[in-house]
Amino acid sequence: MNQEELQNLRQDYSAATLSEKDVAASPIKQFNKWFNEALEAKVPEPNAMTLATATPDGRPSARIVLLKGFDDEGFAFYTNYLSRKGKELAKNPNAAVVFHWIELERQVRIEGTIEKLSKEQSDQYFHSRPKMSQIGALASPQSQEIADRNALESKMNELEAEYADKEVPKPSYWGGYVLKPRLIEFWQGRRSRLHDRIVYKKVDNKSWKKVRLAP
């Protein structure tokens, strides 16, 4: 593909509209509505979200993680605390996530601060995972350099044999986070790039203010 062809890639959106009067008073209720509609539409991995973190001096990084729960407290996910994102969150707890449900021509952006979930919550989720996923968490020193793929698979095989008839212990360096939102934006694609953008902003750490943004 040449530069001109790339520049001409575009799609006009017309699947739905989004107005202030149609959205819920609570952004969590609105998210629940859209998430259920993504499930009903059979969007592939609707809980996949881009998580952006940054170092204390503002160098950003982003990756896809999976949403594993949400309520009025925030949006939960699990990972290795010693991974790059874990180390960045330990020093700079500000983060953002983005959901992109292209089949519905929708995005949701969430900004807020990160806190660790309790050990009990992390333990409960860890042991609800498939056993091989539990073993994988033990085998992989996430974000660290390794010699080659064989070293990783060898460690996996070793641990699989060790825990064949035993419960896999949750590593102390693995667990959950919750993103406590201070801003949630709902984006609905529209024709001619005049997209709908409804934003909820936290006021006094209690109530939500709802506004429309220009696309």
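Bear in mind these aren't lab numbers, they're just calculated from the coordinates by the rules spelled out. This is a predicted model, so every value here is computed, not measured. Neighbour counts run over all protein chains shown; Cβ positions are idealised from the backbone, glycine included.
Summary table
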{"item": "Kirkwood-Stokes translational diffusion coefficient of the range 128-169, alpha-carbon pairs, 25 °C, 0.890 mPa s, µm²/s", "result": "228 µm²/s"}
{"item": "Theoretical ellipticity at 222 nm over the chain - DSSP helices of four or more residues, -39500 (n - 2.57) apiece, nearest 500", "result": "-8000 deg cm²/dmol"}
{"item": "Selection from 144, 211, 101, by position along the positive dipole direction of the chain (Cβ)", "result": "211"}
{"item": "Sorted by Cβ neighbour density within 10 Å, fewest at the top, the residues 209, 33", "result": "209, 33"}
{"item": "Cα-Cα P(r), the chain, percent of pairs per 5 Å interval", "result": "1, 6, 12, 15, 16, 15, 12, 10, 7, 4, 2, 0"}
{"item": "Gyration tensor (alpha-carbon) shape descriptor, the range 1-125, a/c threshold 1.5", "result": "oblate"}
{"item": "Rounded to the nearest 20 debye, dipole of the range 128-169 from Cβ charges on Lys, Arg, Asp, Glu", "result": "180 debye"}
{"item": "Ellipsoid equivalent to the range 52-104 - semi-axes via the Cα gyration tensor, in Å", "result": "21, 14, 11"}
